[in-house]
Structure formats: C-alpha cells, structure tokens
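The values are calculated or read from the model by the stated rules, or taken from the named source; none is laboratory data. These numbers were taken from a predicted model, which means no experiment stands behind them. Quick reminder, even Gly has a Cβ in these numbers, built from the backbone with ideal geometry, and neighbours come from all protein chains shown. Surface areas here come from the heavy atoms of the whole protein model, side chains and all, with no ligands, DNA or RNA. Shrake-Rupley method; radii C 1.70, N 1.55, O 1.52, S 1.80 Å.
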Amino acid sequence: MNIAFVHTVFPGGGAERVTRDIASGILKAAPEGYSFFVYTPMFREDILTEEYSRCFKGISQYSYKNEEKEIEELVRRDKIDVIVQIARRLKGIEGIRQRTGCKVILANHGEPFHLRYEILHRRQKNPWRRFLWKMGLRYVYEDLGYAMRRSVKSCLKDYLSCDVYTVLCEDYKTRICKVLGIPAEDSHIVAINNSETIVEDVCYDKEKIVLFSGRFEQFSKRVDRLMRIWGKVQDRMPEWRLVLAGDGYDLQMIKDMAVEMNLKNVEFVGFQDDMTPFYRKASILCLTSQTEGWGLCLTEAQANGVIPVAFASTEAVRYILSPSGTNGFLIENFDEDAFAAVLVSLAAEDDEYIMQLRRNVVAKAKTYSPDVISGQWKAVFDRLND
C-alpha cells in the first residue's frame, strides 16, 4: 500500500512525531508491504532529521492556493491508496476521492467539537466584534449554542467526507456518536490513541522543578491559571522553580502577568526543539488547559517519569491520567485552589511515595507505545485495502 499523510507543517510538533511513529512502527513490522509519503504546504527541511527521512519514501510540497489540483496530481503520481488528513478536511477531498479511487481517513487530533472554542475566540479578537460581544453577542454565540451548532455541522461534514474518521479515545467516539445520532458500534469511527515513544533511560533523580510545556494560546491553554496557582503555592514551596517552555501569541501577556503578580522562581525558556533535558529534571508537569485533544505533554511527562497534574478538561485527559492519584492527578471543575493543594502535597511527600508514582506513570506511558499504536493503524489500513 502507498499511504500519504497530509500535514499543515512538516516536520514540526506532536502530530508530526505521531505520524513518524506510525510509519516507523508499520515498516518495522512489515517492511515490504507499505510505502509512506507526506504532503505539506510548509516543508521545514532545516529541521528534518534522519529519523524522519528514513520513514518516508517522499515528502512533497503543495500550495494552499491550488490545494485540490496539486494534491490530486501527487496522489496520481505516487499511486496513493490511502490519504490520511491530519486534523483538517482538505479542500475538494470528496472530488479527489471520487476521481482517483483512493480511500480517505480524517484523523481528528482535537477534542470533539473543539471548533466552538475557536469560534468564540475569533468573536473577541477584533475590537469591533469584542464590543458587540460585550453588548450581547456572547449570549447568542455561547449561551444559545451558536458556536456549538457550527462545530457539530463541521464535524458531520468531516465524518461524511471520509472512509474512516479517527478520534483519540473511546469516550470521544461515544460523544460524537451520541451528538450526531450515529450507532455506537459504527466502524466508520475508530478510536486510536496518540503514540508515545518509550524512554529507555528514564531519569528518576529529579530536581524541584514544576514544568509547563506548550503553546501560549490563551483561549485553549489558559496559562493564566497556572500563574495564579503558582502565586498560591510559591511561599509554601520556596525551594521549587516553575519552568515554562514554549512560545505563542500570548507569551508576553503571561510574562507581564508574572511581573504584576510578583511571582518568584519563575523561568521562561522559550520554544525548545528537544524537551528531553527538561523532562529529565522536572518532578511535576502542570497542564491548566480549557480544552485538550490529547495532551502530548502529559504522555511525554509520563514516559520520562514526571508526575502530571491537570484539569480534567476532556475525556482524553481523564484517560491518560486515570486513575487519579496513580497515573497523575486530575483536578475537577477548574478548581485552582484544589490544583494548588495537590502541588503543595506532592512537594511534601516522602521519597518512597514519589518514586512509586514515577514508576506508575512510566508504566502507563508504555500502553500507548509506538508498536501498540502503529499496529492499530495498520489494522485500519489493511481493512481499507480489503
């Protein structure tokens, strides 16, 4: 089979790493049966590693302006059997599917109906729209559910445009089926977790560091919550440091917030191509997001023996950290005081208890190893090829 993954940027972040893990795992199990390609409008050759190069037979660029035409030409040239769209539906994918005869998968890397958060966010970015929002449009978009209705309509269109629609956990599938009125046993929707690379030399000798890793994007990541939480705990954890890794539109706002709140022992280290040195040192990882499709930083932390603490914002976050207190800690109802209490409690725990937690999270990460997840993707590809 010839399989093409379509990414907005390649290589890049977590979704691109997962694609690499899928291709690598399948090629390891069946080296003669599959060839993998990547199509992207933004090819970052400067950060392409040998690890990525050996997984893909070809990486080709196309332009957004002529997306449908150029992707169809690539599909015909490479004799593609299956297109895997990552996170978004391609323009004209139904026509490409009909004219070329290839199968189509749409891999939803977000929370079901997450588009509603983006719609609400866009309503407030423009000053004029923000004024209207304050004058009452919030009532229409949020309270009356306009944003949710738009999101449901988009999800249904995604579902109908492909042969297989993948989501990141079984509870996401259950929610989509319920909202769209689809039978729960529908094989058109498949739940496959994101993979996490097994760390062979986990460092259990940690420092007193609380880590954040992610985008500074206020409508989804809500790092402002972490700033307030740190303000509650910093005097009760004076030997601990808060290290924030990442970049984004709202980074300066968060830095200003840290100054205004007179926060201590806070370090912004910027975007990091390789988070390994930080995971090796950190004891705790914090995630305070409003919404998370999967939360790759949670599984990365687990794989490195870092104890994750997160708001129970989505079913996937619950899946990764459950049971709470064993594989991490889930904080309900965006309760910042409860989040702060868990951090203080962990800082005061004895070494034996903390070491057991570290071993627990490492074991949990192995349940979504690349070998396991690539096997599930292989089963989907083989089914489409029958």
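Listed values, structure above:
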| item | result |
| --- | --- |
| Given (1) modelled with pLDDT under 95; (2) touching a helix residue (DSSP H, G or I) at 6+ places or on another chain (Cβ under 9 Å); (3) more than 23 Å from ALA107 (Cα to Cα), number of the condition ASN360 does not satisfy | (1) |
| Any hit, the range 272-294, residues being over 23 Å from the mean Cα position of the chain (by Cα), open to solvent by 30 Å² or more (accessible area, probe 1.4 Å) and either modelled with pLDDT of 95 or more or among the aliphatic types (A, V, I, L, M) (or both) | no |
| All positions within the range 237-271 that are closer than 15 Å to GLY214 by Cα, open to solvent by less than 30 Å² (accessible area, probe 1.4 Å) and part of a loop (DSSP other than H, G, I, E, B) | GLY246 |
| Residue list for the range 72-96, filter: assigned to a helix (DSSP H, G or I), in contact (Cβ under 8 Å) with a residue 40 or more places away in the chain and closer than 21 Å to TYR34 by Cα | LEU74, VAL75 |
| Entirely in the range 110-229, the helices (runs of 4 or more DSSP H) that have 1 or more residues that are modelled with pLDDT of 90 or more and open to solvent by less than 70 Å² (accessible area, probe 1.4 Å) | 146-160, 170-180, 218-221 |
| Residue selected from the range 10-60 under the condition among the hydrophobic types (A, V, I, L, M, F, W, C), within 22 Å of the chain's Cα centre (by Cα) and surrounded by fewer than 14 Cβ atoms within 10 Å (Cβ to Cβ), by the criterion farthest from ARG88 (Cα to Cα) | ILE47 |
| Any chance LYS69 is open to solvent by 20 Å² or more (accessible area, probe 1.4 Å) and in a loop (DSSP other than H, G, I, E, B) | no |
| Residues (aromatic (Phe, Trp, Tyr), open to solvent by 10 Å² or more (accessible area, probe 1.4 Å) and not in a helix (DSSP H, G or I)) located in the range 295-342 | PHE329 |
| Residues (closer than 17 Å to LEU296 by Cβ and surrounded by fewer than 17 Cβ atoms within 10 Å (Cβ to Cβ)) located in the range 370-385 | VAL372 |
